[in-house]
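Written below as structure tokens is the structure these notes are about.
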Amino acid sequence: MTDFLARIGRSTLGSLSRLGRASLFLWHALAGLPSLVLRPGLVLAQIYSIGVLSLIIIVVSGTFVGAVLALQGYNTLVNFGAQDSLGVLVALSLLRELGPVVTALLFAGRAGSALTAEIGLMKTTEQLSSMEMMAVDPMRRVIAPRLLAGFISMPLLAAIFSFLGIMGAYFVGVGALGLDDGPFWGQMQASVDFRDDVMNGVIKSLVFGFVASWIAVYEGYDAEPTSEGVSRATTRTVVHTSLAVLGLDFVLTALMFG
Amino acid sequence: MNMGRSVEIWVGLFVAAGFAAFLGLAMQVSNIPLFQTLDGYDVQLRFNNIGGLRERAPVTMSGGRVGRVKSIELDARSFDAVVTVTIDRNYNEIPEDSSASIYTSGLLGEQYIAIDPGGLDFFLEEGDEITLTQSALVLERLIGRFLTSMGDGNDDD
């Protein structure tokens, strides 16, 4: 019985101290951000590996998510003779939910795991401590650029995802299913509000970008310096990011559209 | 150096594509209200019942859009709904005795205000009020009236 209680207590204390370490870590990383003004090349290289290399998966999945939404939406809407609202359906679901959320989930799998593995391996092979030996702050040199690059890349990726999704729906709806393109765009423009829908989606993707890159770099930095530890950290990144994104999405949606 | 340059080009492309997508969303999908504050004059309409009319609903004349609903308030004394609409500056020769009605586009579509022009030589201006209005058709009320009239008909037989 006491063993059981002790186990609960230990895991609670453990997760609390992890949370504390993660917050302190974030604080140090944010403190490293201003020095990046002098070395924009570091951020540039990270935007390349986080943002540009994620483009293909975002482009392909965005287009196909939009196309599938159009097919499914058409089959339901046509029963009510409301197939002209297909544009509204696709645009609102992509801008408000699917764009930011699916991008964040793909980001966790494509870029977050790579970040964790990279930083975890740097720690395992003692590159981080040798940097400290050379009086180079790994927070500024390694962590801060990656955090900033993730924060910058995510809204851009989400915007590309949503835009291509709508284009995919346009090709399926207007091109293949033979809808008229007047109401498709017209009704969409009439019901999509720039501030309420587009900007709220951007805010969501900013939050997700911040959380996803924070979790990714923290898990890498906090990984046990063994090959098993790095593999566990990578798994944790994907799982924790997905859970955090889905949970935060509910909270943000309740705040914005509730 | 060559490597670094191609990275820069790719990042530039990525950022440009991201902003282009954002701009596309803003212009093509949502037609931003920021650039769309209608330049025009405000006119008030009093209705007994506005049904499901909402803000930003279109105001039309002969089917063409001439303005948008700006705000909807309830007159606490007369219990009329006071609808303020902004009419485009280009349409500044709408007769003062025009009448307004609320219609529904399609069977279950969105509601809009239609203005039927009158014949006076005085034109509507900022702050004017159109009192000659016809309320929205509320489907339940219509069915209720139809049912009672059917009941009356049966009694007569």
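The values are calculated or read from the model by the stated rules, or taken from the named source; none is laboratory data. On a predicted model such as this, the values are computed, not experimentally measured, just so you know. Glycine also receives a Cβ, built like all others from the backbone with ideal geometry; neighbour counts cover every protein chain displayed. Just so you know, the surface numbers come from the protein's heavy atoms only, side chains and all, with ligands and any DNA or RNA stripped out. Shrake-Rupley method; radii C 1.70, N 1.55, O 1.52, S 1.80 Å.
A few notes on this one:
- 3J(HN,Hα) from dihedral phi, segment A:161-176, Karplus parametrisation 6.51/-1.76/1.60, rounded to Hz, x for glycine, proline: 4, 5, 4, 5, x, 5, 5, x, 5, 5, 5, 6, x, 7, x, 8
- Note on A:153-161: average number of Cβ atoms from other chains within 10 Å of each residue's Cβ is 5.
- Nearest 10 degrees, 0 to 90: helix A:40-50 Cα axis against chain A principal axis: 60 degrees
- Value of [θ]222 nm, deg cm²/dmol, for chain B, DSSP H segments ≥ 4, -39500 (n - 2.57) each, nearest 500: -9000 deg cm²/dmol
- Ordering B:Leu124, B:Val69, B:Phe79 by the projection of their Cα atoms onto the charge dipole of chain B, which places +1 on the Cβ of Lys and Arg and -1 on the Cβ of Asp and Glu, puts B:Val69 at the extreme positive end.
- Protection proxy ranking, highest mean first, for peptides A:201-210, B:133-142, A:182-191: A:201-210, A:182-191, B:133-142, where packing is the per-residue count of other beta-carbon atoms within 10 Å, averaged.
- Take B:Thr104: with every protein chain present and a 1.4 Å probe, its accessible area is about 60 Å².
- CD proxy at 222 nm, helix term only [per DSSP H run n ≥ 4: -39500 (n - 2.57); per residue of chain A; nearest 500]: -25000 deg cm²/dmol
- Exposure here means at most 14 other Cβ atoms within 10 Å; with chymotrypsin sites (Phe, Trp or Tyr not before Pro) in a DSSP loop as sites, the longest stretch of chain B lacking them is B:36-78.
- Using θ = phi - 60° and Karplus 6.51 cos²θ - 1.76 cosθ + 1.60, couplings along segment B:9-15 (whole Hz; Gly, Pro as x): 5, 5, 4, x, 4, 4, 5
- Computed from the Cβ-Cβ distance with R0 of 60 Å, the FRET efficiency linking A:Leu71 to A:Phe4 stands at 0.70.
- Shape category assigned to segment A:1-112 from the gyration tensor of Cα positions, a/c cut at 1.5: oblate
- 3J(HN,Hα) couplings calculated from phi for segment A:85-102 with the Karplus curve 6.51 cos²θ - 1.76 cosθ + 1.60 (θ = phi - 60°) are, in sequence order, 7, 4, x, 4, 4, 5, 5, 5, 5, 6, 5, 7, 10, 5, x, x, 6, 5 Hz; Gly and Pro show x.
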